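Following: one structure in structure tokens, then a few remarks.
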């Protein structure tokens, strides 16, 4: 009977199981390693997949010996500022491009979309210099402003495709009722686009939380470092001495995105693919 | 054009709405390109005065063995990385649509590496591949009786490029899985049912019907994956820093070091401009190739 089961039936199941193991293995491994005592870790890697005890001392040491809490706070502040500013700039811009259709709005859209093709590296030195010139290197703005600039194209792209779906009649009804351009945008278009806004917020959050290049280049002061940069320094600093704390720090850094992902998994997958596929 | 415009909206209102975004985007993305180009035409280390040298920086790239090595590495990184992401992404998507249950939870689990930071992924793999203390992979090799293969993997210059390429592809392949999966599940079931009635087996259905039907999605993904790998930076930078030697150096990591470690601003800017042109050019070529196949095919 078993032999008669068709290849077409069990091959996909086998593949799915193999891929599942590969995709979750690194996270499972690091979580499990972070929960083991230094003595167990010293015995070698073989028993690291299933911790023999739940030991939280690594986490205590990670928080005590490094400004991990501070990094968490910095990452949060930077994410909030960046997302807020991106939405504040992108929503009206996309609304104007898609609904107000002023002369040249197509050109403006294509100009923004050009940004999707530009690698961030080309802007590093000029931004580094201008931040110094403006005296805001080593402030939250030093990563917020560059990130907003580079996030705008995707946000505007997603907002324009969303606004396209809102019928003009709805907005015109508001303006016939006497609402001005700003009023129509603020009290009709913005509430309608809440779904698009959540998608953009979620997409941006994952991206900004994980961002490394800008933060590593523009923030040299220890007090301002974000989690990815802090983690990188922590590992090169502590990694050779305290492996347990290193694993714990890695887990702490990925926990916020994973927690968000557990709640909003479908939306995150959809927004990341929508943000990725822009034709 | 006119008929889409909302009733009675003055043109200045539109410009007012886009102006803040336009200014921000221009200041952060567009002006720096011009600025970098200007810097690339001179010699400057941040202390002395900027001195115009013309195209010397670009000519120097031709003779720079490290740059040439980085370029060769980058070709490998982009080509192999793109291939892994597309093939694995597609295999994941196809196997997912072939199972009846648990599709959503499997998809969510597949996607996990894509939401984790490159730094965390890199650090995890550095630990897994480590030799002192013995990391998981070396431990596995030893307990499987393959002890002669245990080694400090990230010190082996003939493996580092392959390792950073694979880890980078590993992080991003689930994005292509998700793209292909949603394209595959949105296919018209009638077409597939008709094919099945005509006696097409699973493999024939896949290669003769499903894949041709999602060809536009595949083409868009190729553009996406190639332009993504051309900008690869985080994972090689964190895992190996481009080393040992130049064994895993990419154009982007070399540019970063030239700018921020050697303070060679003119030459670094020239490499940055090279990267932009390379990205734009290769994406344009791929697009052209795909639109050509669409016309003939």
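The values are calculated or read from the model by the stated rules, or taken from the named source; none is laboratory data. What you see is a predicted model, and the numbers here were worked out from it, not measured in a lab. With ideal geometry, Cβ positions are generated from the backbone for all residues, glycine too; neighbour counts draw on all protein chains shown.
Only residues that are surrounded by fewer than 21 Cβ atoms within 10 Å (Cβ to Cβ) and over 23 Å from residue A:267 (Cα atoms) were counted across the stretch B:99-128, and they come to 1.
Contact map, the stretch A:97-114: first residue farther than 25 Å from residue A:172 by Cβ, second residue at pLDDT below 85, Cβ cut-off under 8 Å, separation 6 or more or different chains; pairs are A:113/A:278.
When the stretch A:32-62 is limited to residues that are in contact with a helix residue (DSSP H, G or I) (Cβ under 6 Å, 6 or more places away or on another chain) and touching a residue at least 60 places away in the same chain (Cβ under 8 Å), the one that is surrounded by the fewest Cβ atoms within 10 Å (Cβ to Cβ) turns out to be A:38. Scanning the stretch A:101-124 for residues that are at the interface with another protein chain (Cβ under 7 Å from one of its Cβ atoms) and part of a helix (DSSP H, G or I) gives A:105, A:108, A:112, A:115, A:117, A:121, A:122, A:123, A:124. Would you confirm, using the coordinates I've provided, whether residue B:18 is at pLDDT 90 or above, facing another protein chain (nearest Cβ under 10 Å) and in contact with a helix residue (DSSP H, G or I) (Cβ under 8 Å, 6 or more places away or on another chain)? Against the criterion (at pLDDT 90 or above, facing another protein chain (nearest Cβ under 10 Å) and in contact with a helix residue (DSSP H, G or I) (Cβ under 8 Å, 6 or more places away or on another chain)), residue B:18 qualifies. Considered as a group, the residues in the stretch B:131-153 that are under 21 Å from residue A:21 (Cβ atoms) and buried (at least 16 other Cβ atoms within 10 Å of the Cβ) include one that is farthest from the other protein chains (Cβ to nearest Cβ), and that residue is B:153. Total residues in the stretch B:92-115 satisfying the condition of being more than 30 Å from residue A:212 (Cα to Cα), at the interface with chain A (Cβ under 7 Å from one of its Cβ atoms) and modelled with pLDDT of 90 or more: the figure is 2. Looking at B:239, B:255, just one residue is closer than 22 Å to residue B:172 by Cα and within 11 Å of another protein chain (Cβ to nearest Cβ), and that residue is B:239.
Per the listing A:76, A:82, the residue uniquely touching a helix residue (DSSP H, G or I) at 6+ places or on another chain (Cβ under 9 Å) and either surrounded by fewer than 20 Cβ atoms within 10 Å (Cβ to Cβ) or in a loop (DSSP other than H, G, I, E, B) (or both) is A:76.
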